[in-house]
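The structure under discussion appears below in the form of structure tokens.
Read-outs: derived from the displayed coordinates by stated rules, not from any lab. What you see is a predicted model, and the numbers here were worked out from it, not measured in a lab. No Cβ is skipped: glycine too gets one built from the backbone with ideal geometry, and neighbour counts run over all protein chains shown.
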Amino acid sequence: MRKPRIGIMLRPTMNLVDESSLAMEEAYRCAILNSNGIPVAITPIQDVYYYQTKLSEIPKMTLEEKEMLRSELDLLDGILLPGGNKMCEQDFYALEYAIEKDIPILGICLGMQIMSCYHDKIFVEPNDEKGLDHRMIDKDYVHLVTIKKDSLLYQIIGKEELMVNSLHRYHAIENKHYQVVAYSFDGLIEALEYPKCSFHLGLQWHPERLVRIDAKEKKIFDMFIKAAIQYQKRKKTTN
């Protein structure tokens, strides 16, 4: 059996000559490779320059565009929604499709915030400047996360507390469809799970930046790839 293909949603950015571009951070790609997955770019299919266009001005996806995106997602065994600065309709459609098909999905930073506002459209909020500074970027570890024992995340980590890094200007809001399974000590949501799916996990911190120095963080990607292998086997038996 081949290694599982993990789709990573490309994020809008600007290149060195101020041109609208789409990019994948190396840390995500390497984290998937180091856990024996094959990273594959999920390419947005709308004829839009995403970085330069306001979200309110991006047209809704057509039925044809949704079919094109489904054809991309059907080639995958897992989906990674990475961090970034702009969420788009394609993120929500990929999330919806993952729920429908029980495709393993890992959301990180913005990816988890997308999960938190998926069903109810309760959008993320700016971090409270009176609390912990979650925007710190110059340290491998910034704060503790407390993990609920009755969660997939606890099964992966095997501990109720975990030191993590932090790099986000906004935070997720509670959503009745998702279970909150981890908090920072100042009360911000640090992990979400969708209980009806076999592997559907959102994390506010960036484990991809820690996998080379922290075995517990690498376990997250190892278990993600393991779930993708199981999904690959299920697809094979049903086709």
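Sites count as exposed loop sites when they are GluC sites (Glu not before Pro), lie in a DSSP loop, and have at most 14 other Cβ atoms within 10 angstrom; the longest stretch of the chain without one is 20-128. Taking every C-alpha pair closer than 8 Å and separated by at least 6 residues, the mean separation divided by the residue count of the chain gives a relative contact order of 20 percent. Close amide H pairs (under 5 Å, H built 1.01 Å from N) link Val40 with Ile6, Gly7, Ile8, residues at least 5 positions away or on another chain.
Close amide H contacts of Ser21 (hydrogens built in the peptide plane, cut-off under 5 Å, sequence separation of 5 or more or a different chain): Thr13, Met14, Asn15, Tyr51. Across region 173-186, coupling constants 3J(HN,Hα) worked out from phi with the 6.51/-1.76/1.60 Karplus curve, θ = phi - 60°, read 10, 4, 9, 5, 7, 10, 9, 7, 10, 7, 10, 7, 5, 8 Hz, and Gly and Pro carry x. To the nearest µm²/s, what D does Stokes-Einstein give for the chain at 20 °C and 1.002 mPa s, using the Kirkwood radius over alpha carbon pairs as Rh? Once the numbers are plugged in, D ends up at 118 µm²/s. Here the gap between Cys30 and Asp140, fully extended at 0.36 nm per residue and compared with their Cα-Cα distance, gives a gain of 37.9 nm.
In the chain, with Lys and Arg counted as +1 and Asp and Glu as -1 at Cβ, which of these residues, Phe224, Gln90, Met1, has the Cα nearest the positive end of the dipole, that is, farthest along it? So the residue furthest toward the plus end is Met1. Put simply, the amide H of Glu190, placed in the peptide plane, has neighbours under 5 Å in Ala182, Tyr183, Ser184, leaving out anything fewer than 5 places away on its chain. The GNM of the chain, with springs linking C-alpha atoms under 10 angstrom apart, assigns the highest mean-square fluctuation among Leu203, Leu167, Leu192 to Leu167.
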